[in-house]
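Student: First the structure, then my questions, so here it is.
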Amino acid sequence: PESVLVTSMAVHQRYFPVYKLESSNGKKLLPNFIAVRNGNEKHIDTVCQGNERVLKARLSDARFFYEEDLKQPLNHFQELQERVVFFQKRGNQFERVQRIVELSQKLAQNLNFNQNELELSKKIAELCKFDLQTQMVYEFPELQGLMGEVYSSHQGEVPEVCRGIKEHYCPRNAKDTLPSDRITIPVALADRLDMLAVAFSLKIIPTGSADPYALRRMAQGVVQIVLGKQLPFLWNELCSVTVQVLQKQQEFILESELLENQMVEFLMQREKWHLQEKGFRHDLIDAFKFSMGTPIHRMKMVEILSNDLN
């Protein structure tokens, strides 16, 4: 797949892939690359041959991983999840996926999904992490989600499910796009909310600049999805159902009310940051911070007041 070729070149070797612009299909990847040498043109042919030899070995490894992964059915990788610890004292990756499935279904029901949408969303949740156990993603972690889309498509899953496996990681950062399909949204939210609940239950809460598990980015993704897709959720409702699902599986989770309050406060901090990034004044944001209604309601009130003042 093109994503594997580009990752082998750009991420691992710092080479630039070369494309040809095509009026009909956008751009086409060419069998060429550009490397930058810190020096003059002396022995440049030897340098070129050396870079080609290194990349050839990289691509050979990638082809081996790809072909080996294709030999296995998807449920083989799902079974491997039971051997992978997600968080010490919080179960394995298989148990995490079970929580994502249950939580995403609850959120989908709140969004009034029909039966077909519920089934497709559930399938995305069941398969959303299988590619983490593939040889390709083990070697190239940057390809998580992308390889899930490729492998699930190869195994005959419908396009909406394949796309959802890739896009449930969206947004990956503040400027990234949101999931394009409605059925992916509950899975994207469940993935992030479960991560926050597990981390906070272990007292892993970001302080200062320390955030080794990228929890701020996780919470930011929740805020971007809820506000960007204009979802009728309250932070306390989302946090409450997330903690309930976690507590149901991990019965030793204590202080559920404290855990919910910490998560709500954390999401509200990210909501404030998000609105400030959109250009709203911090005092207007603070004026509606504890107002009744959904985050969407608060954002609209801030927008109205900002327009009135301008």
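Student: About the Cα centre, and with charges only on the beta carbon of Lys, Arg (+1) and Asp, Glu (-1), how big is the dipole of the chain? Nearest 20 debye, please.
Tutor: Charge dipole, the chain, about its Cα centre: 660 debye, nearest 20.
Student: Oh, and also: May I ask you to order 45-57, 168-180 by the average number of other C-beta atoms within 10 Å around their residues, highest value first?
Tutor: Those peptides, ordered most packed to least, come out 168-180, 45-57.
Student: Moving to a separate point now. If you place +1 on the Cβ of every Lys and Arg and -1 on the Cβ of every Asp and Glu, how big does the dipole about the Cα centre of segment 203-256 come out, in debye to the nearest 20?
Tutor: 180
Student: Still on this structure, I have one more. Got a number for carbon plus sulfur as a percent of the chain's accessible area, 1.4 Å probe?
Tutor: Its accessible area is 50 percent carbon and sulfur atoms.
Student: For Kirkwood radius over Cα pairs in Å, pick the label among (1) 20.3; (2) 23.8; (3) 21.7 that corresponds to the value derived from the coordinates.
Tutor: (3)
Student: Leaving out ligands and nucleic acids, and using a 1.4 Å probe, what accessible area per residue does the chain come to in Å²?
Tutor: 54
Student: In degrees, nearest 10, range 0 to 90: what is the angle between the Cα axis of helix 256-277 and the longest Cα principal axis of the chain?
Tutor: For helix 256-277, the angle is close to 70 degrees.
Student: Based solely on its DSSP helices, what 222 nm [θ] is calculated for the chain when runs of n ≥ 4 H residues each add -39,500 (n - 2.57) and the sum is averaged over all residues, nearest 500 deg cm²/dmol?
Tutor: My calculation for the chain gives -18500 deg cm²/dmol from helical runs alone.
Student: Same structure, new question: Going through the cross-link list 27/56; 106/229; 248/289; 20/42; 166/203; 56/175, which pairs have a Cα-Cα distance over 27 Å in this structure?
Tutor: 248/289; 20/42; 166/203; 56/175, as the Cα separations exceed 27 Å there.
Student: Here is a follow-up. Given Cβ point charges of +1 (Lys, Arg) and -1 (Asp, Glu) and nothing else, what value in debye, to the nearest 20, does the dipole of segment 197-309 about its Cα centre take?
Tutor: 320
Student: Place +1 on the Cβ of every Lys and Arg and -1 on the Cβ of every Asp and Glu in the chain, take the dipole about the Cα centre, and give the residue among 294, 50, 228 whose Cα lies farthest towards its positive end.
Tutor: 50
Student: Summing Lys, Arg as +1 and Asp, Glu as -1, what charge do residues with Cβ under 15 Å from the Cβ of residue 241 carry, residue 241 excluded?
Tutor: Charge balance near residue 241 sits at -2.
Student: Using alpha carbons only, how many degrees (0 to 90, rounded to 10) separate the axis of helix 215-228 from the longest principal axis of the chain?
Tutor: Taking Cα atoms only, the helix is inclined about 70 degrees.
The values are calculated or read from the model by the stated rules, or taken from the named source; none is laboratory data. Computed from a prediction, not measured in an experiment: that's the story for all the values here. Methodologically, a virtual Cβ is constructed for each residue, glycine included, from the backbone with ideal geometry; neighbour enumeration extends over all protein chains shown. Note: accessible area is taken over every heavy atom of the protein model, side chains too, but ligands, DNA and RNA are not part of it. Shrake-Rupley method; radii C 1.70, N 1.55, O 1.52, S 1.80 Å.
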